[in-house]
């Protein structure tokens, strides 16, 4: 085991190779069959959980994947870590196609891609000690670090801010936040190059969530690990990721560096999403730099029969006939920064400042508000 | 702990204007591991038509408090002391049959997860009509019509048909709307909303929050809004009460609590929360440690094991003496008012970006 | 839903078909020759061969199975004992009676025993269980729980003779168990089955008590039950409308299994009280290596179990709209 894992020495190597693509995903698709029919059950349709997405994660970079439930972000994470078989598309890691690699072919790469799960309660085996859980990946991959596995586990416990003396304790003796730290230690055990973190802090209380986010950020910066950070919380994703992709119904609808996505979004859905985040306004001046207010109608449609063309069109205030007929390609729209891609035929102005008139698509809300104003 | 008899201080008499008045409430549960003091000396008031936001993390006692208001705790394992006055009626000692007349009628409740909170066995319309029949004596037919009307009001398209559907045929956001329709069907004066948007997606959450606010204006309902999300509370509340380990640590109007907070725990919450406009590439400032076990709560100030400002108070006051929470704008902390002001302005606010 | 039931029905037919094959193979795997039992004291190789021929046992196993299936669906006139209309399981080796009519003869006994017992144990079991759940933690609850623990660890072959000894032979409070046809004398029917019902339901009821109690308590902690209380519905209303509905699912499941297997023959109960029902018949069929009878009883029992499985599924749909509408 290399010495450079002892914190806080930052890793030079990571900086050198930064910018080089580590993970490349093209046309990634996952359809879950829907059974039905009579009298013999057969596949009658598909849940289009992920439908042809492209993304690239560079060495040492943190890439955020954000979207609401059912958008396919978690499925994407599972496909990339090969916990699920994709229906179509390719996943390449360091330029090598691993889409359909067998267990054996994957073995050398397995240790480099690790996963952190959402639920710190169910993702740790309750019958194993912390030491056993964290050394598990080393055992499976038959790796004995210098000084033995136990020494390494103690090191890892220290890195994630737990007491190395707790080596022999069981998960139930730890709080939720501490369990998530154990999960992080396990993911770090094999010196991964890429960690796929699926909602790693959403089950935690606010004050604990910040502790874990800081830990992940420390690990990312100091060990030069690339992250695919999957979450529904836009503020957390913004805080953690250098680049962000927004997903809707199995597609990436907008991707770019976080500055562009969060302050100059072009896709109406990104606008709606950002305007929906409730925020504490700490500035004393009232109404200073008021954010736009967009209220969509209803929920996300079913991914079994998604709308034709642009999938957001059924809830979009700018939708026209073209949106139903033609799927908008994910491209760089004029005025966008380099690498800021948007899939929209009629993009919005690149600002999140309040507009002349709120967009309220929800009929009940609109009716109530009219009534209130009329009084 | 036992040496400190008058921890919470003598309760002030109930506010005459208040519609809901909670005085020195103590709630404890018997569990296999011992007695959990879920709520420990809590007092607050709420006026008609206003919204009180209660913020706190899991185990702060915020949900327990509100179940206790409607008497929904299990009396076999729970001990309740103190006073809860709703429109002059004492609820902690009220008979079950009297509480039934209050629930869903004068005071209604919305829960976090609308999928499990609605019965899978009955139609949405029936579940909304039921309390209306019970409390107003309306006929089955009239109650059904009322249910349809309410569904329309909360924005369910085609309410006449959808009333015949079962909850599982509704989407998550629609279920929460149905839940709101059910809570408001008897035009209650008080609505208790327990994390009503936590299980929802952010765009749906925004719809529901706006809807609740607009309906409040129309119906004039007082709302107790419980959440862990400061952003949501900023959106909804007139007044805020911050809870920690079974007690209130700070209260005031929304602007007071969020723009000039006084309690180290409130500072911690604000500091640890990433925002859409906070400085990038600055680490968050989490509260160290973990929330205490309510089986053996810390002595003195409940927050002292996690508090980084103890030395400013000096001595052992934080460990031995539980700080009081005065009425109105107040915070339960031994720091002086001057200290609270300067620490916030000089040390906390700059970090908020 | 109808589609679902139809699919389940098709599945059941396939299972019955496979079961008949397995029974057939197992029978010919047995080390005993049924012909030897029929051959009697004057047995010689020639008469044995003759019996083999008459029974069709000299044919290959697949061939015999083919004949069995043909007879089952179309009947047969090939039997020496006389014509055998469909559904024809043939004639018993042992008694020379037509198997199907024997089954029909014995069926009322088993049905009377089972249904009568089921009515009692369902009412008593669910009743006490729900009272215990309603009064959870009280003395009544503790007594019910303790009693049901003791009773459910009892066995029929212990409780049955005990009941007979005390209630019938010593105190003469009840009549000796015997079966009289309901249509000929309902009073005698009731009188003769009372003790078996009581014993059978004592043991079953205790299980239903425990199940009803725990399932009710579980349901009472459901969030939607709390919501119903939060909107002002009375405790009684919530108990019987909201919690009760959900608690039925596990009860219906077990009841379906119990009823199906009891109707297929309550072997121990029937033996204990000397009631010649289907269970009795099954034991006879095995001990006399009576292939036609064995196949008849086996397939009949299996049909009962599968039938009640389907009924249980239909009940789920009735109870739970999520099943009905998906």
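The values are calculated or read from the model by the stated rules, or taken from the named source; none is laboratory data. Only a predicted model underlies this, so the values are computations on that prediction, with no experimental measurement involved. Please note: Cβ atoms are built from the backbone with ideal geometry, for glycine as well, and neighbour counts cover all protein chains shown.
Within region B:271-292, work out how many residues are within 30 Å of residue A:260 (Cα to Cα) and either within 18 Å of the chain's Cα centre (by Cα) or free of Cβ contacts under 8 Å to residues at least 60 places away in the same chain (or both). Steps first, answer last, please.
Of all residues in region B:271-292, those within 30 Å of residue A:260 (Cα to Cα) come to B:271-286.
After this cut, where a residue has to be either within 18 Å of the chain's Cα centre (by Cα) or free of Cβ contacts under 8 Å to residues at least 60 places away in the same chain (or both) as well, the list is B:272-274, B:276, B:280-281, B:283-284, B:286.
Residues meeting the conditions: 9.
Does residue A:146 qualify as being over 10 Å from residue A:130 (Cα atoms) and in a helix (DSSP H, G or I)? Step through it out loud before you land on a result.
Numbers: over 10 Å from residue A:130 (Cα atoms): yes; in a helix (DSSP H, G or I): no.
Judged against the criteria, residue A:146 is not a match.
Out of the residues in region A:270-289 that are in a loop (DSSP other than H, G, I, E, B) and more than 8 Å from chain B (Cβ to nearest Cβ), state the one that is modelled with the highest pLDDT. Talk me through it step by step, then tell me what you get.
So the first thing to find is which residues in region A:270-289 are in a loop (DSSP other than H, G, I, E, B), and the list is A:277-289.
From what is left, the residues that are more than 8 Å from chain B (Cβ to nearest Cβ) are A:283, A:285-289.
Numbers: A:283: 67, A:285: 54, A:286: 52, A:287: 51, A:288: 51, A:289: 60.
Residue satisfying both the conditions and the ranking: A:283.
For region A:322-375, give me each residue that is within 11 Å of another protein chain (Cβ to nearest Cβ) and in contact (Cβ under 8 Å) with a residue 40 or more places away in the chain.
Restricting attention to region A:322-375, the residues satisfying the condition of being within 11 Å of another protein chain (Cβ to nearest Cβ) are A:352, A:358, A:360-373, A:375.
Answer for region A:322-375, where residues must be within 11 Å of another protein chain (Cβ to nearest Cβ) and in contact (Cβ under 8 Å) with a residue 40 or more places away in the chain: A:352, A:358, A:360, A:361, A:362, A:363, A:365.
Give me a count of the residues in region B:81-111 that are over 13 Å from residue B:69 (Cα atoms), buried (at least 21 other Cβ atoms within 10 Å of the Cβ) and more than 7 Å from chain C (Cβ to nearest Cβ).
Adding up the residues that qualify gives 1.
Can you name the helices (runs of 4 or more DSSP H) wholly within region C:3-77 that have at least 1 residues being within 24 Å of the chain's Cα centre (by Cα), assigned by TED's automatic domain parsing to the domain that holds residue C:294 and over 30 Å from residue A:36 (Cα atoms)?
Details: elements: C:34-39, C:45-55, C:61-74.
In region C:3-77, there are no helices (runs of 4 or more DSSP H) which contain 1 or more residues that are within 24 Å of the chain's Cα centre (by Cα), assigned by TED's automatic domain parsing to the domain that holds residue C:294 and over 30 Å from residue A:36 (Cα atoms).
Here are the criteria: (1) buried (at least 17 other Cβ atoms within 10 Å of the Cβ); (2) within 11 Å of another protein chain (Cβ to nearest Cβ); (3) touching a residue at least 24 places away in the same chain (Cβ under 8 Å). Tell me which single one residue B:252 does not satisfy.
(2)
Under the condition of being in a loop (DSSP other than H, G, I, E, B) and in contact with a strand residue (DSSP E or B) (Cβ under 6 Å, 6 or more places away or on another chain), which residue from region A:34-77 is farthest from the other protein chains (Cβ to nearest Cβ)? Write out each step before concluding.
We begin by selecting, within region A:34-77, every residue in a loop (DSSP other than H, G, I, E, B); these are A:37-41, A:59-61, A:67-72.
With the extra rule that they be in contact with a strand residue (DSSP E or B) (Cβ under 6 Å, 6 or more places away or on another chain), the set shrinks to A:37, A:41, A:59-61, A:67, A:71-72.
Details: A:37: 9, A:41: 7, A:59: 19, A:60: 14, A:61: 14, A:67: 9, A:71: 9, A:72: 14 Å.
Filtering region A:34-77 for residues that are in a loop (DSSP other than H, G, I, E, B) and in contact with a strand residue (DSSP E or B) (Cβ under 6 Å, 6 or more places away or on another chain), the one farthest from the other protein chains (Cβ to nearest Cβ) comes out as A:59.
Does region B:157-210 hold any residues that are touching a residue at least 40 places away in the same chain (Cβ under 8 Å), part of a helix (DSSP H, G or I), touching a helix residue (DSSP H, G or I) at 6+ places or on another chain (Cβ under 8 Å) and closer than 18 Å to residue B:108 by Cβ, and which are they?
If the condition is that a residue be touching a residue at least 40 places away in the same chain (Cβ under 8 Å), part of a helix (DSSP H, G or I), touching a helix residue (DSSP H, G or I) at 6+ places or on another chain (Cβ under 8 Å) and closer than 18 Å to residue B:108 by Cβ, then B:167, B:175, B:176, B:178, B:179, B:180, B:181, B:182, B:184 are the ones that fit.
Just one of A:323, A:310 is in a helix (DSSP H, G or I), over 30 Å from residue B:257 (Cα atoms) and touching a helix residue (DSSP H, G or I) at 6+ places or on another chain (Cβ under 9 Å); which is it?
On the way: A:310 fails: in a helix (DSSP H, G or I).
Selected residue: A:323, the only one of A:323, A:310 that is in a helix (DSSP H, G or I), over 30 Å from residue B:257 (Cα atoms) and touching a helix residue (DSSP H, G or I) at 6+ places or on another chain (Cβ under 9 Å).
Among A:248, A:269, which is buried (at least 24 other Cβ atoms within 10 Å of the Cβ) and in the same structural domain as residue A:316 (by TED's automatic domain parsing)? Break it down stepwise before answering.
On the way: A:248 fails: in the same structural domain as residue A:316 (by TED's automatic domain parsing).
None of the others qualify; the one that does is A:269.
Listed residues C:192, C:256, C:296; which is part of a helix (DSSP H, G or I), away from every other protein chain (no Cβ under 14 Å) and closer than 22 Å to residue C:23 by Cβ? Walk me through it before giving the result.
Working: C:192 fails: closer than 22 Å to residue C:23 by Cβ; C:256 fails: closer than 22 Å to residue C:23 by Cβ.
Among C:192, C:256, C:296, only C:296 is part of a helix (DSSP H, G or I), away from every other protein chain (no Cβ under 14 Å) and closer than 22 Å to residue C:23 by Cβ.
Give the residue that is farthest from the chain's Cα centre (by Cα), with candidates limited to residues of region A:204-239 that are within 10 Å of another protein chain (Cβ to nearest Cβ) and part of a loop (DSSP other than H, G, I, E, B). First the steps, then the outcome.
First, the residues of region A:204-239 that are within 10 Å of another protein chain (Cβ to nearest Cβ): A:204-215, A:217-218, A:221, A:232-239.
Pick out the ones that are also part of a loop (DSSP other than H, G, I, E, B) and you get A:204-205, A:232-233.
Values: A:204: 17, A:205: 19, A:232: 8, A:233: 10 Å.
Among those residues, the one meeting the criterion is A:205.
Residue B:300 - would you say it is touching a residue at least 12 places away in the same chain (Cβ under 8 Å), buried (at least 19 other Cβ atoms within 10 Å of the Cβ) and within 7 Å of another protein chain (Cβ to nearest Cβ)? Reasoning before the result, please.
On the way: touching a residue at least 12 places away in the same chain (Cβ under 8 Å): yes; buried (at least 19 other Cβ atoms within 10 Å of the Cβ): yes; within 7 Å of another protein chain (Cβ to nearest Cβ): no.
Criteria not met by residue B:300.
Mind listing whichever residues of region C:162-188 are surrounded by fewer than 11 Cβ atoms within 10 Å (Cβ to Cβ) and under 17 Å from residue C:106 (Cα atoms)?
The answer is C:183, C:184.
Looking for something at pLDDT below 95, out of contact with any strand residue (DSSP E or B) (no Cβ under 9 Å at 6 or more places or on another chain) and within 12 Å of another protein chain (Cβ to nearest Cβ) - is there at least one such residue anywhere in region A:250-259?
Within region A:250-259, one or more residues are at pLDDT below 95, out of contact with any strand residue (DSSP E or B) (no Cβ under 9 Å at 6 or more places or on another chain) and within 12 Å of another protein chain (Cβ to nearest Cβ).
Please work out which residue is surrounded by the fewest Cβ atoms within 10 Å (Cβ to Cβ), limiting yourself to region B:118-127 and to residues that are facing chain C (nearest Cβ under 7 Å) and either in contact with a strand residue (DSSP E or B) (Cβ under 8 Å, 6 or more places away or on another chain) or over 10 Å from residue B:176 (Cβ atoms) (or both).
So in region B:118-127, the residues facing chain C (nearest Cβ under 7 Å) come out as B:118-121.
When the remaining residues are screened for being either in contact with a strand residue (DSSP E or B) (Cβ under 8 Å, 6 or more places away or on another chain) or over 10 Å from residue B:176 (Cβ atoms) (or both), the result is B:119-121.
Working: B:119: 25, B:120: 18, B:121: 20.
Across region B:118-127, the extreme among qualifying residues is B:120.
With the condition kept exactly as written, say whether any residue in region C:169-183 is assigned to a helix (DSSP H, G or I) and under 23 Å from residue C:123 (Cβ atoms).
Residues of region C:169-183 assigned to a helix (DSSP H, G or I): C:169-170.
Remaining after also requiring under 23 Å from residue C:123 (Cβ atoms): none.
No, that holds for no residue.
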